[in-house]
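Here, each number is a calculation from the coordinates, and none is a lab measurement. Computed from a predicted structure; not experimentally measured. Quick reminder, even Gly has a Cβ in these numbers, built from the backbone with ideal geometry, and neighbours come from all protein chains shown.
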Amino acid sequence: MIDVREAVLPDLPALVGLRTEMFAAMGVPETDPGWRGHAERWFTARIQNPGHCLYVVDADGRVASCALGSLSESQPTPARPFGQDLYISNVVTLPEFRGRGYAAAIFEAVLQWGRRQPGPVRARLFATADGRGMYERAGFVPNTWPVMGVDLTGGPTAEGG
């Protein structure tokens, strides 16, 4: 039995560490170490915000895995006139704890949280090659329209996560 719990403020250093691990695994270079302080402030603002859920799994006395869900109002479309979008991110497990089902358990907790929200909820995420199979088993399919982006401040555009 995997014990999934909501993250709390004392988990902030571990959450930033897991996010750092996620970017390292994706090959995203750390060009500005100051980003970690920004990440901690970002998590602090969302950890108890009702529009976000943040789940963790503990192992060997520390946070070993996490996942985040963030709600936003959907824009009306001909096929979906109202509802919410659940953006799932930061699904990561420390390397020494991978293969134990932690990511699947916290990912499912985020999906269940989304299912409890009012109105129709559509879940979205960016998948890495390592996570793609887990997401496909949950019913996720590639988007017809690929994500495109540009940093309007002139910074690099490859950011991941």
Checklist entry - Can you tell me which residues in the stretch 16-43 are within 15 Å of VAL63 (Cβ to Cβ), touching a residue at least 60 places away in the same chain (Cβ under 8 Å) and hydrophobic (A, V, I, L, M, F, W, C)? => result LEU18, MET22
Next on the checklist: Considering only the stretch 120-130, I want to know if a residue exists there that is in a helix (DSSP H, G or I) and either more than 15 Å from the chain's Cα centre (by Cα) or among the polar types (S, T, N, Q) (or both).
Outcome noted: no
Checklist entry - Within the stretch 47-76, can you find the residues that are hydroxyl-bearing (Ser, Thr, Tyr) and either under 18 Å from the mean Cα position of the chain (by Cα) or more than 20 Å from GLN117 (Cα to Cα) (or both)? => result TYR55, SER65, SER70, SER72
Next on the checklist: Need pairs with beta-carbon distance below 7 Å; first residue under 18 Å from GLY17 (Cα atoms) and within the stretch 84-95, second assigned to a loop (DSSP other than H, G, I, E, B); sequence gap 6+ or separate chains.
Outcome noted: SER89/GLY161; ASN90/GLY161; VAL91/GLY131
